[in-house]
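The structure appears right after this line, and notes come after that.
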Amino acid sequence: STIPCVELSPLLPEQAAKVGRTAHTGGGVDAGHAALEAVAREAQLATQDVVAMSSLLPPDWPIIEV
């Protein structure tokens, strides 16, 4: 079964440095990659940690708390 509104994106080599900087400042690789993909795709982000993700995204970015 597939969910049409969910997409898994691999961490690409050209994203690694930016995601690595996020991980180094405490965001973690997973959070940094999620934020980078959300901005690149102009997509809402679903997370359990709204506070942490808000610090990685532009102000007023749409975040869905799950």
Taking placed amide H atoms and a strict 5 Å upper bound, the residues 5 or more places from A46 or on another chain that come that close are I64
Please report, as a whole percent, how much of the solvent-accessible surface of the chain comes from carbon and sulfur atoms (probe radius 1.4 Å). 58
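What net charge is computed for the residues neighbouring G32, neighbours being all others with C-beta under 9 Å from the C-beta of G32, Lys and Arg scored +1, Asp and Glu -1?
Net charge in that neighbourhood comes out at +1.
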Under the Karplus relation with 6.51, -1.76 and 1.60 and θ = phi - 60°, whole-Hz ³J(HN,Hα) for region 8-16, x at Gly and Pro, equal 9, 10, x, 6, 8, x, 6, 9, 4
Along region 47-60, what does the Karplus equation 6.51 cos²θ - 1.76 cosθ + 1.60 (θ = phi - 60°) give for ³J(HN,Hα), rounded to whole Hz, x for Gly and Pro? 7, 8, 10, 4, 4, 5, 5, 4, 6, 9, 10, x, x, 6
Residues of the chain: accessible area per residue with a 1.4 Å probe, Å²: 75
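The values are calculated or read from the model by the stated rules, or taken from the named source; none is laboratory data. The shown structure was predicted, so the numbers you read here are calculated from the model rather than taken from an experiment. All Cβ positions, even for glycine, are placed from backbone atoms using ideal geometry, and neighbour counts span all protein chains on display. The area values use the complete protein model at the heavy-atom level, side chains included, leaving out ligands, DNA and RNA. Shrake-Rupley method; radii C 1.70, N 1.55, O 1.52, S 1.80 Å.
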